[in-house]
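The values are calculated or read from the model by the stated rules, or taken from the named source; none is laboratory data. Here the structure is a predicted model, which means the values were calculated and not measured. Here the Cβ positions follow ideal geometry from the backbone for every residue, glycine too, while neighbour counts run over all protein chains shown.
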Amino acid sequence: MSVQGISAVFCVASEGCAGTNSTGVCPEAQAGLEFGSYCDLLETGVFGCKPFIDDIGTRDNVTYAAPLDCTGNIAGEFPVSVENTNSSFCSLSPVCSGKVSGNCPGAQDGLPDGSQCVVIETGVFGCVLP
């Protein structure tokens, strides 16, 4: 599982916080992640893990708008971020994320060529521009 701003991959005991799953778990304190992490809305409009900034569980104070609502969208019902874009796009399930080589958003408004699922720099699957 990746943690925003940390260039390492961590293990979690159950389903991780990612995409539309705001109740998934995030890595606890361990080597490379001094204070552990928590699930929060990321700048990309999807949920992911952010590192605590101290040992008493202080979170950053940055907030973002609610994720894209894909309910009933023909492109898929799950908002997914695409690397090197400033938006989230709708995708079919299962979504490309973490250990899952799943679906990425296809061509749609703001994403004329769609996206593809690859192992990204953090060592997990993610959606990128073709």
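Quick check: anything in the stretch 59-68 at pLDDT 90 or above and either assigned to a loop (DSSP other than H, G, I, E, B) or touching a strand residue (DSSP E or B) at 6+ places or on another chain (Cβ under 9 Å) (or both)?
Filtering the stretch 59-68 down to residues at pLDDT 90 or above leaves none.
No, every residue in the stretch 59-68 fails to be at pLDDT 90 or above and either assigned to a loop (DSSP other than H, G, I, E, B) or touching a strand residue (DSSP E or B) at 6+ places or on another chain (Cβ under 9 Å) (or both).
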(message) Please determine whether any residue of the stretch 73-90 is assigned to a loop (DSSP other than H, G, I, E, B), outside the structural domain of Val46 (by TED's automatic domain parsing), under 19 Å from Glu15 (Cβ atoms) and among the polar types (S, T, N, Q).
(response) no
(request) Give the residue that is nearest to Ser81 (Cα to Cα), with candidates limited to residues of the stretch 1-31 that are in contact with a strand residue (DSSP E or B) (Cβ under 8 Å, 6 or more places away or on another chain) and outside any loop (DSSP other than H, G, I, E, B). (result) Gly19
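Could you please find all residues in the stretch 32-43 being out of contact with any Asp or Glu (no Cβ under 9 Å at 6 or more places or on another chain) and either crowded, with 17+ Cβ neighbours inside 10 Å or assigned to a strand (DSSP E or B) (or both)?
The first filter runs over the stretch 32-43 and keeps only residues out of contact with any Asp or Glu (no Cβ under 9 Å at 6 or more places or on another chain), leaving 32-33, 38-39, 41-43.
Within the stretch 32-43, Leu33, Tyr38, Cys39, Leu41, Leu42 qualify.
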(message) With the structure loaded, tell me whether Val100 is at pLDDT below 90, of a type in the set (A, V, I, L, M) and closer than 22 Å to Gln4 by Cβ or whether it fails that test.
(response) yes
(request) Kindly establish whether Glu43 is under 14 Å from the mean Cα position of the chain (by Cα) and in contact (Cβ under 8 Å) with a residue 12 or more places away in the chain. (result) yes
(request) Report whether or not Ala31 is without any contact (Cβ under 8 Å) to a residue 60 or more places away in the chain and under 15 Å from Met1 (Cβ atoms). (result) yes
